[in-house]
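Trainee: Pasting in a structure now, in structure tokens, and then I'll have a few things to ask.
The values are calculated or read from the model by the stated rules, or taken from the named source; none is laboratory data. Values in this document were obtained by computation on a predicted structure and should not be read as measured data. Positions of Cβ are generated from backbone atoms using ideal geometry, with glycine treated the same way; all protein chains shown enter the neighbour counts. Ligands, DNA and RNA are excluded from the accessible area calculation, which covers all protein heavy atoms including side chains. Shrake-Rupley method; radii C 1.70, N 1.55, O 1.52, S 1.80 Å.
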Amino acid sequence: MTKSIKNRVDLEGCEGTRSKPTSEKPNLDGDWFNFYLLIILYIIQGIPVGLSGALPIILQSKKMVTYEDQAAFSISLWPYSMKLLWAPVVDALYVKCIGRRKCWLIPLQLLMGLLVLYVANNIDDWLPESGKPNLKMLIIVVFVVNILSATQDIVVDGWALTMLNKKNVGYASTCNSVGVPFGMFIGSVCFTLLVSDQFNTTYFRATPGAGGLISMKSFLYFYGTTTLVITSIVAIFKKEKDSRLEDGYVNINVFQNYKLLWDILKLPRIRVLALALLTTRIGYTATDNVSNLKLIDAGVSKDDIMIITTALYIIKCILPIFVSKYITGPKPMSYFLKITPFRLIWCTTYVLLIYYTPSLIRKDGLVTVPTYYYFIMGLVLITNEVLNFFMLLTLFAFFCRLSDPRFGGTYMTLFNTFFYLGFLLSNTLVLKLVAFLTFSKCSNNDQNNCTTPDLKNLCKTNGGSCVVSVDGYYIVVFISLIIGFVWYCVFKNIIKKYQSLNASYWIINMKRPVTAVESCLIST
């Protein structure tokens, strides 16, 4: 283990060193089984994330929660930003006879499946058709499920770096970017539409009040049972490579792994990269996470939004096929930087859509959505999501290129944590700010500002309604866009420079034989 900065190779001296191109081109022949297995594992991981995104939309459509409640629920996704705390434990502790990654994956997914079955048994009480939901229990169980899912993410990210052949490691980001979105599609779109009474009535001519095509309980029972079955199959039939046979293998304990993590964090460029990742999504957080809630408030059906979202997930599954040659190249972040200003500018289309939606879909106080409106909404949502998804692909490919496979769980989790922590913190903050900067008043009593449920009920009792005088959404979007363009100006050249560094810069030199990659650095 490194004892001091002096014991390392002088990494700062390699500032201008370029990565050597690999002699073998990526080729999945002989790796297809591993490729598809990784996608399945990422799908299992993505479903809880999808459910975490679907529940706020379902809660908002019931008109029983506030934006502050939504901010509280957003905490349930925080395990993805906290997993760095236990990633070194996952990397260092394992049972050799089972496998470094399998010995974590199997119990994690078994617990996840069992917990989902428990949620299924109680979901009708926690989220009833009418009446106030049990928000506290929903937050707790979703938080725990996401802890298991986030830990599974550490395991699968680490396994992906060794399960695939070295020449195909770039495809790990493709597996992630196909599997997780597809799982999110199942957990969000499929869940929302299949359990929706309105969707069943509108498209399948069911009797109103008959419920959805399936119940929430049935959906969750199916997911929990499927997870248990797949986990059992992996446990029995999939053998893991012995990590001790890998080149440059080094065995370290938990304490040493945390020390390794600390050494990584002490690298000056890692700290700058962390700051860039923590702030990279501030520019689009308001439009990405609040816009759908604002559309629902304006009168757009959650089912209509989810139907359009279906097209988004189809695109997500197809897009990696066409862009893989770019994201597996030596400079994926160049494409990320080229798209960033266009993505920020496109956020303004969300603002226009939200502003004009009430006048476009309401006539004489009734919601009547014209056909052309769906095309406009679809264009805005799909274009934004395509830009967003391509940027994510390039970012994850960048992470894979920087990560040392021997400590893959720690490295990948470190980079992902910086990124998701920035997303989640800005998401919770934005929801709080929208609520804080939104001002309302009762239509027949200017002294009533409708800031509490009691004041809202009083206004309604007296024959009035709470009317928004200042919408915090527009203020927050404007502030976010300014921050986004400042981020682009500050970090553009820095990130370009970072992706040109030799990969050895990002690897801490352990007490072990020097690898071929590091010999390049030493010779410079």
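Trainee: Compute the distance in nm between two label points, each set 7 Å from the Cα along the Cα-to-Cβ direction, one at T66 and one at L110.
Mentor: Each label point is offset 7 Å from its Cα along the Cβ direction, giving 4.5 nm.
Trainee: Also, I was wondering about something else. How big is region 180-219 in terms of Cα radius of gyration and Dmax, in angstroms?
Mentor: Here Rg and the maximum Cα pair distance are 10.8, 35 Å.
Trainee: Turning to a different aspect of this structure: Quickly rank 126-134, 306-314, 145-153 as a protection proxy: mean count of other C-beta atoms within 10 Å, highest first.
Mentor: Values: 126-134: 12.9, 306-314: 18.7, 145-153: 24.4.
In descending order of packing, they fall as 145-153, 306-314, 126-134.
Trainee: Ignoring ligands, DNA and RNA, please state the percent of accessible area on region 165-230 from carbon and sulfur, probe 1.4 Å. Write down the numbers at each step before the final one.
Mentor: Details: 1910 of 2850 Å².
After summing per-atom areas, the C and S share lands at 67 percent.
Trainee: Okay, next question. Could you go through region 99-108 in sequence order and give the Karplus-derived ³J(HN,Hα) for each residue, using 6.51 cos²θ - 1.76 cosθ + 1.60 with θ = phi - 60°, rounded to whole Hz, and x for Gly and Pro?
Mentor: Once rounded to whole Hz, the list reads x, 4, 9, 4, 5, 9, 4, 4, x, 4.
Trainee: Does region 56-129 classify as rounded, prolate or oblate by the C-alpha gyration tensor (a ≥ b ≥ c root eigenvalues; a/c under 1.5 gives rounded; else a/b over b/c gives prolate, otherwise oblate)? List each step's numbers first, then the result.
Mentor: Numbers: a/c = 5.32, a/b = 1.93, b/c = 2.76.
Oblate, because a/c is 1.5 or more while a/b does not exceed b/c.
Trainee: Modelling each spin label as a point 7 Å along the Cα-to-Cβ direction, I'd like the C489/K166 distance in nm, to one decimal.
Mentor: 4.4
Trainee: Sorted by accessible area with a 1.4 angstrom probe, largest first, how do K266, K363, K166 fall?
Mentor: On the way: K266 75, K363 135, K166 155 Å².
Correct descending sequence by accessible area is K166, K363, K266.
Trainee: Note down the nm distance, to one decimal, between modelled labels 7 Å out along Cα→Cβ at K238 and at L275.
Mentor: Label-label distance for K238 and L275, simple model: 4.0 nm.
Trainee: Provide the per residue accessible area, probe 1.4 Å, for region 130-239, rounded to a whole number of square angstrom. Walk me through the numbers on the way to the answer.
Mentor: Numbers: 4550 Å² over 110 residues.
Per-residue accessible area for region 130-239 comes out at 41 Å².
Trainee: Still on this structure, please answer the following. Please state the shape class of region 54-208: rounded when a/c is under 1.5, otherwise prolate if a/b exceeds b/c and oblate if not, all from the C-alpha gyration tensor.
Mentor: Prolate, because a/c is 1.5 or more and a/b exceeds b/c.
Trainee: Right, another one. Solvent-accessible area per residue for region 369-472 at a 1.4 Å probe radius, Å²?
Mentor: On the way: 4530 Å² over 104 residues.
Counting only protein heavy atoms, the per-residue value for region 369-472 is 44 Å².
Trainee: Strictly greater than 16 Å: what percent of every Cα pair in region 99-183 meets that?
Mentor: Working: 2246 of 3570 pairs.
Value for region 99-183: 63 percent of Cα pairs lie more than 16 Å apart.
Trainee: With the Cα gyration tensor of region 135-206 giving a ≥ b ≥ c as the square roots of its eigenvalues, does the rule (a/c under 1.5 for rounded; else a/b larger than b/c for prolate; else oblate) give rounded, prolate or oblate?
Mentor: Details: a/c = 5.94, a/b = 1.73, b/c = 3.44.
Cα axes put region 135-206 in the oblate bin.
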